[in-house]
Amino acid sequence: MLRVAPRFARVLLLSAAVLVLSGCRLDVVAPITLHADGSSTVGLSARFDPRLLAELDALGVDPTAELSAAVAADDAWSLTRTRDEEGALTVAIRREVADDAGLVATYAALSSGLAAADPALELALAVDRDGQGGVTLSGTGSFRPPLGTGLQVDGAMVGEDAQALASLVADAVEVGLEVRMPGPVTAHDGVALDGSTVRVDLEPGVERRFEIRSSPPPWWASLPFPPAALLGGAGLAALVLVIGVLLVRRRRVSPEA
């Protein structure tokens, strides 16, 4: 769990170096899915636009190499790569945690072991579950921009100064949380994506407080299989029953024919 943070910070640092040289874009998201049974799916994703990918490739930099190495060293994490129609690449890492304490600890560890000059996604979360199944996720989040590009020529740092780089990152990098609650969302201070998912945008260098509440999940949320499978099974059972009734009636009629 702790190995991922330095690797992810290096990916951001390499991308920041390229952002200094070009008008590329980078989108960073912390997706969180809270389940009704108290477990959660957590992770990080970074979307590299085609121009950023081309610039990194020209420098001989593989934006997925660092994260792939981190995942290889910790089998609790999985990694996926997805290309969209525009040619952008989204690299996502995720893992399952058994309880809310694991959720909080995973994101608290994102800045563990990083230097003050390293970019970091800093999240301090709290989860409260009531006796009826309602859930509240609250906390603070911020994205710390890098103080330098990490590039050196003859021992001298290359790139914008800290203030200029922070301004550049604010314009070129989008950072946020996308939280899926176990039940319908009843209150939030972010942007609703659907009935149970909320996005909270983070401005680089600014601490953001947030709170998301959901009502108890529907009864089928605790089933060990999707509701569609239940409906499909019920439909199949009904079809078999109808066929059986027809066959029985046909057998009763046949001897009299």
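The values are calculated or read from the model by the stated rules, or taken from the named source; none is laboratory data. No experiment lies behind these values; they were computed from the predicted model shown. Every residue, glycine as well, gets a Cβ built from its backbone with ideal geometry; the counts of neighbours run over all protein chains shown.
Here are some notes:
- Strands (runs of 3 or more DSSP E) enclosed by the range 42-134 - at least 3 residues per element that are among the aliphatic types (A, V, I, L, M) and out of contact with any His (no Cβ under 9 Å at 6 or more places or on another chain): 89-97, 120-129
- Here the range 53-63 is the region considered, the condition is being surrounded by 16 or more Cβ atoms within 10 Å (Cβ to Cβ) and more than 22 Å from Leu177 (Cβ to Cβ), and the residue that is farthest from the chain's Cα centre (by Cα) is Glu55.
- Of everything listed in (1) at pLDDT 70 or above; (2) assigned to a loop (DSSP other than H, G, I, E, B); (3) surrounded by 14 or more Cβ atoms within 10 Å (Cβ to Cβ); (4) among the aliphatic types (A, V, I, L, M), the single unmet condition for Leu147 is (1).
- Scanning the range 64-78 for residues that are surrounded by fewer than 18 Cβ atoms within 10 Å (Cβ to Cβ) and out of contact with any Lys or Arg (no Cβ under 8 Å at 6 or more places or on another chain) gives Ala65, Ser68, Ala72, Asp75.
- Residue in the range 75-86 that is farther than 28 Å from Ser196 by Cβ and either within 15 Å of the chain's Cα centre (by Cα) or in the same structural domain as Val200 (by TED's automatic domain parsing) (or both) present: yes
- Matching option when the condition is at pLDDT below 85 and either within 15 Å of the chain's Cα centre (by Cα) or in the same structural domain as Val173 (by TED's automatic domain parsing) (or both), among Asp128, Asp49, Asp100, Asp118: Asp118
- Test: residue in the range 25-39 that is of a type in the set (S, T, N, Q) and either at pLDDT 75 or above or not assigned by TED's automatic domain parsing to the domain that holds Pro145 (or both): yes
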